[in-house]
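Heads up: the structure comes next, in structure tokens.
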Amino acid sequence: MRTSKLRRSIGGALVMVLLATGAACSHSKKPAGHPAAAAPTTSAPAAPTSPPPSPGADIKGPLDLLLLGVDTRVTIPDWEPHSDAIMLLHVEPGLKTAYLYSLPRDLLVKMPAFGKAGFGGGTYKLTEAMSRGSRVPGSKTANVPQGYELLTRTLSNYTGIKTFQAGAILNFGGLSGLVDKLGGIDMTVDETVKSHHRKPDGSLRPLKPGGGDYTGPQAVYKPGRHHFIGWQAIDYARQRYGLPNGDYDRQRHQRQLVEAILAKARTQGLNGDAGKLQGIISALGKSLVDVGGRSPLEYAYALRDLTPAGITLVGLPGTGVGSGGAYRGEALQSEGKAFLKAVAQDKVAAFLAAHKKLVNH
């Protein structure tokens with residue numbers, strides 16, 4: 001039975017990276033080698049007591065967690081945040097096996113009315129849930145946690161997943177800083193990807209005179225194994241133009257990025273070292289928006305046995321839909337919708353055994 005007592009949160013910080021670090025941070029112990037004080041002779045020895053459980057020991061599966069890549073465009077006045085990457089992680093009971101999958105940013109979904117933002121509801125692209133929900137009537141300042149709330153409500157209605165126990169909201173700068181803090185990551189590029197945004201030296205490509213597109217030399221990522229620093233990793237994973245399957249290829253690359261970050265984080269000696277873990281969390285800076293709830297260290301302990309090898313990457317097939325010859329957005333095919341039903345019922349393993357082509361290899 002899905003735990004409903006865990007509060008919805010984005011975990012304060014590094015929830016998704018913690019999934020593979022195994023940072024089992026328990027209560028501190030007294031240093032070895034110091035003699036214990038003698039018990040008073042005037043009274044009976046105190047009965048031995050068991051240490052309290054580690055924080056996070058009460059977190060049980062199954063869990064459904066969110067990882068959102070949000071384009072905040074903080075340098076542009078009045079820019080509303082959009083969730084350009086929407087990844088979900090389903091963790092099975094026992095917390096040793098999980099499935100990472102994506103939903104298209106342009107997926108057409110029904111959004112519920114949301115009074116906080118003065119939003120009456122309707123059918124829109126999923127990426128718009130964050131922006132529409134973040135609006136504050138009478139103010140030009142976006143409220144990102146409020147946008148997160150509308151997004152999770154929309155996702156629950158669409159997927160049938162009643163509760164998302166935790167999630168992380170990250171922007172491009174925060175993810176780039178995280179990768180650099182880890183000393184870079186290793187990724188296998190599975191197809192040639194040309195950057196729409198960056199030159200080979202990492203500087204931004206300028207807009208063409210009059211706007212509309214970028215110009216100048218492009219960074220190019222060739223198939224094979226590569227070591228990426230922060231800007232390269234994020235640049236590779238954010239491209240969709242020029243790819244055979246557009247955003248669906250980009251979704252796969254984003255899942256590969258998460259897997260690579262988790263794999264590298266696990267090699268950083270974070271096990272049991274809250275100080276090192278806090279340094280990784282600090283690298284994300286203000287890119288995370290905390291709406292309260294369980295601490296990242298609690299999830300670190302609960303998910304200490306979940307390794308990259310225990311995470312299966314899943315790609316959901318979809319197709320473009322239109323009206324009157326105009327593109328409206330994306331829709332999942334029947335197999336993708338059936339996968340979401342299996343997630344809501346915690347029957348993913350059996351479903352994928354019968355639909356193996358959904359698994360990314």
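A few remarks follow.
- Of all aspartates and glutamates in the structure, those lying under 19 Å Cα to Cα from K60, and not within fewer than 8 positions of it along the same chain, are E92, E298, D305, D346.
- Placing dummy labels 7 Å off each Cα toward the beta-carbon, the span from A338 to H355 is 0.6 nm.
- Simple label model, 7 Å out from Cα along Cβ direction - K116 to R225, nm: 4.6 nm
- Taking 19 Å as the limit for the C-alpha separation, the pairs K222/K356; K116/K337; K125/K208; K125/K341; K116/K162; K162/K341 exceed it in the case of K222/K356; K116/K337; K125/K208; K125/K341; K116/K162.
Throughout, read-outs are computed from the coordinates displayed, never taken from laboratory work. Source: prediction; values computed, not measured. As a convention, Cβ positions derive from the backbone with ideal geometry for all residues, glycine included, and neighbour counts pool all protein chains shown.
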